[in-house]
Amino acid sequence: MQQIVRVTDLTKQFKNLTAVDHLSYTVNEGDVYGFLGQNGAGKSTSIRMMLTLIKPTAGHIEIFGMDLAKNRREILRNIGAVIEKPDVYKYLSAYDNLQLFARLSGIRSTRKQMMDQLEMVGLAQRAEDKVKTFSQGMKQRLGIGIALVHNPQLIILDEPTNGLDPQGIADIRNLILHLSRESNKTIIVSSHLLSEIEQIATRVLIIDKGKKLVEGNATELLDPAQTIVELQTLDNAFALQQLQLSNWTDKVQGQRNNTIVIKLDRKEIPALHTDLMNMQIQLLSLQPRHSLEDYFLQVTSGNQHVDTYTN
Amino acid sequence: MYKIFLLIVGFQISIFVQGQDMTALVMKVKAKLDQVNDYEADGNMKTDVSFIKAPVGKVKIYFKKPNKFRLKKEGGISLLPKGGVSVNMSSVIATNDFVALAAGESIVNGTTCKIVKLLPINEASEIVLTTLYIDEPNLLVRKAITTTKENGTYEMEMNYGGYAKYGLPEKVIFSFNTKDYKLPKGITLEFDDNEKALSDAQKLKNKKGRVEITYANYIINKGIADAIFVK
Amino acid sequence: MLTLIQIELYKIFRRPRTYIAFGAIAALILIIQFGLKLDGKSYSDFLMKDIGGSMVIDGNIINGYLICYIMLQLLLVHVPLLVALIAADMISGEANMGTLRLLLSKPYSRTELLLAKFLAATVYTIMLLIWLAILALFLSMWIFGLGDLFLMKSSYVVLINQNDVFWRYAGAFVFAALAMVTVAALGFFLSIFAENSIGPIVATMSFIVFFTILSTLNIPIFNVLKPYLFTTHLISWKEFFDLKVNDANEAIIGSIQNPQRIITSALVLLLHIVGFVGGAIFIFNKKDVLS
């Protein structure tokens, strides 16, 4: 599988703030790459660095196998992006905006091609209306239309569902799935909502405070065979000692914030429970979760976004 | 006080008596000028006034008795000394209401002239005093100095050529004193450095104002419509 | 590059704001023309009331050429605002609208983009001046007719022959275009620092007003500075309307009193344009786009 994006040790230092801290990740061809993190985690800064809007303090970005710093033009020609809010020229119509950005990307399309593009994002009816009359969802769809107009290999969508109603969110989700499956595009989608990403992403990166927390295949991170169990006991040291002597020892991941982390198959939980009783470990709590959720909860612990987690 | 008054009056009367024959001379000059009912001429006007930058301009001059005078410049704008009527001789001695006094002789441009002082009788007259330098044999005014109530003193120097028999000059040099001219820079919106502008102006200011008109192609007594004199 | 310029021009001329400037100039000029047509006589009487107490002007000084001069004098103070309205908005406006980040993620270098934007702003500025020329010069010539141009300077008056005027206006408008492009360059430079349009527009005008005041004030300390202020040079178009005189104090037709001053001013303005645009490109290339 070809690597579309390879980021190594990317760092961005604003005056007092390290927005992105030695971040490395890879996006493969055909991925729907979920870029997860809270607001301010460094997602947008990373994406802007991939689009050369922000200059990295350190690190290296390679896209389509080329160094971004050296081959900016060739690389950008093959990227379509919606960066944060889908802002376009409000005093122009949807059609004019699309045409303007098509030309900026070096494309001279026929009216038919343009209208097809608008049709795809459901704006054909409003093609001649000025964008200032559009709803947030329509602007978002136009933004995506603009990102796609030059048929790029890589599509970057930064928080594409921000400010949309549930129907709008579903529309965008379907559009992304369509693009991925039918057009075989590589898509990077950032979000601060796990629920959005886990339904569409093939790979996921979670970052917090500019640092990578986890990167992996969504299937693995959502796999029931990869369930994480967090234990809280009266005496963690004793519990850990007992576990390491038992046949659970391979599955113990270590200790984190007063909890012992064990990775196992969901079906093994009852057996674990019985063994813990037998080992005289005084259990305070036992919490299972799949690993994606686990990581995300770390990021968002105590955050209002937890309740949006479904499944 | 009374004695002084009497003295002055007596003195004036004595001059008056002396001046009688001068009136005749002036009347003769006037009669010569009166041959011309109207004329039209081409001219070249040169303005030499410290604060005026104007190119030499072609003008047309029109005159009609008794005192209609018009100087027209192609392009429409000409700068003339205040009291522009004085630019021609006829209007200087247009009236009969004057006292002419002899004041000796002088040489103007190589020609011996009688000096005649004209005093208007009419108290309301704008002209206070006119001094004429008359070339008696030819009955031509070679030079005239006019002092006005409002507009200072003007000097006209006339050179004659082919139209001398009509008393019409070939060239008139008009000299006068100029006053200061100054507009605030705020109005003219000029930012240029002052020193330069000042020295320029100073250089020019040392001169008297002069307007020089050269006449050519007189067309005499062919009739001129009054409309031409309406501005 | 050509595509970029076309697109920038397209954006400028599709915006309603652009036409405010053209409308404003038309309104001002037409009002002045209307007023002078109606009551030109009293205006000219006011002008001619007294030149030095010893001279009078014969003839009608209110002609197309004078009207144009009056309007240039008046309007070239306001045109910078209209230029700034667009030029100071070129980058900041896009930042404010949120389109800048999309624009900059397109396959063009920032230098190209800035140059294209500046050239587009220049085209707008020049079109504004052409519009000004059409209305202030040609329309005035048509309404008021031609004639000699009579001008009052602070320490002297100038009379320029009718057929010696037009080329001076051609020169003056070319110079004015250069001056206004300098204003555009200043506005453009300031626009890279802001994420709203008002800031750079106001800043541009403040700069111009501030330096114009310094240029006008006659205080020795500031006089030293004057040659270095670009505002001093913005109005050098007036130099086209001053004649040389010969030793006999006759104005020389076709001459300019201080041609060197025009050249110097033009060079100073060009230097400012290069400086502002170069500075904008240099700084903007280093800038992180966070809008």
| query | If you go through the stretch B:193-231, how many residues are facing chain C (nearest Cβ under 8 Å) and either part of a loop (DSSP other than H, G, I, E, B) or modelled with pLDDT under 70 (or both)? | reply | 9
| Qualifying positions in the stretch A:123-132 - within 14 Å of chain C (Cβ to nearest Cβ) and either among the basic types (Lys, Arg) or more than 29 Å from the chain's Cα centre (by Cα) (or both) | A:128, A:130, A:132
| remark: Of the listed residues (C:159, C:149, C:186), the one being aliphatic (A, V, I, L, M), in contact (Cβ under 8 Å) with a residue 24 or more places away in the chain, facing chain B (nearest Cβ under 7 Å) and open to solvent by less than 10 Å² (accessible area, probe 1.4 Å) is C:159
| said: Every residue in the stretch C:244-291 that is among the polar types (S, T, N, Q) and at negative phi, please. | reply: C:246, C:255, C:257, C:258, C:260, C:264, C:265, C:285, C:291
| query | Residues of the stretch A:103-122 being within 23 Å of residue A:189 (Cβ to Cβ) and either more than 8 Å from chain C (Cβ to nearest Cβ) or open to solvent by 60 Å² or more (accessible area, probe 1.4 Å) (or both), which ones? | reply | A:117, A:118, A:119, A:120, A:121, A:122
| task | Hey, could you check the stretch A:36-66 for residues that are farther than 23 Å from residue C:103 by Cα and of a type in the set (A, V, I, L, M, F, W, C) and say which is farthest from the chain's Cα centre (by Cα)? | result | A:58
| field | Residue, nearest to the other protein chains (Cβ to nearest Cβ), within the stretch C:282-291, restricted to residues that are open to solvent by 30 Å² or more (accessible area, probe 1.4 Å) and hydrophobic (A, V, I, L, M, F, W, C) | value | C:290
| query | Among the listed residues A:75, A:79, A:47, which satisfies the condition of being open to solvent by less than 10 Å² (accessible area, probe 1.4 Å) and farther than 25 Å from residue A:162 by Cα? | reply | A:75
| note | Within the stretch B:130-171, of all residues that are hydrophobic (A, V, I, L, M, F, W, C) and surrounded by fewer than 21 Cβ atoms within 10 Å (Cβ to Cβ), the one nearest to the chain's Cα centre (by Cα) is B:145
| task | Being open to solvent by 40 Å² or more (accessible area, probe 1.4 Å), under 19 Å from the mean Cα position of the chain (by Cα) and in contact (Cβ under 8 Å) with a residue 24 or more places away in the chain is the filter; apply it to the stretch C:250-274 and report the residue that is nearest to the other protein chains (Cβ to nearest Cβ). | result | C:261
| message | If I filter the stretch A:76-87 for residues that are more than 10 Å from chain C (Cβ to nearest Cβ) and farther than 25 Å from residue A:297 by Cβ, do I get at least one hit? | response | no
| Of all residues in the stretch A:152-166, which are touching a residue at least 24 places away in the same chain (Cβ under 8 Å) and open to solvent by 10 Å² or more (accessible area, probe 1.4 Å)? | A:153, A:159, A:161, A:162, A:163, A:164, A:165
| In the stretch C:236-249, what residues are open to solvent by 40 Å² or more (accessible area, probe 1.4 Å) and facing another protein chain (nearest Cβ under 7 Å)? | C:245
| request: Hey, can you tell me all the residues within the stretch A:1-11 that are in a strand (DSSP E or B) and either more than 15 Å from residue A:69 (Cα to Cα) or open to solvent by 60 Å² or more (accessible area, probe 1.4 Å) (or both)? | output: A:3, A:4, A:6, A:9
| query | If a residue has to be farther than 14 Å from residue C:253 by Cα and more than 22 Å from the chain's Cα centre (by Cα) to count, how many in the stretch C:151-171 make the cut? | reply | 3
| request: State whether the residues of the stretch A:169-188 include one that is open to solvent by 70 Å² or more (accessible area, probe 1.4 Å) and in contact with a strand residue (DSSP E or B) (Cβ under 9 Å, 6 or more places away or on another chain). | output: no
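The values are calculated or read from the model by the stated rules, or taken from the named source; none is laboratory data. It should be emphasised that the depicted structure is a prediction, and the values quoted were computed from it without experimental measurement. FYI the Cβ positions are ideal-geometry reconstructions off the backbone, even for glycines, and counts take in every protein chain you see. The accessibility values were calculated without ligands, DNA or RNA, using every heavy atom of the protein model including side chains. Shrake-Rupley method; radii C 1.70, N 1.55, O 1.52, S 1.80 Å.
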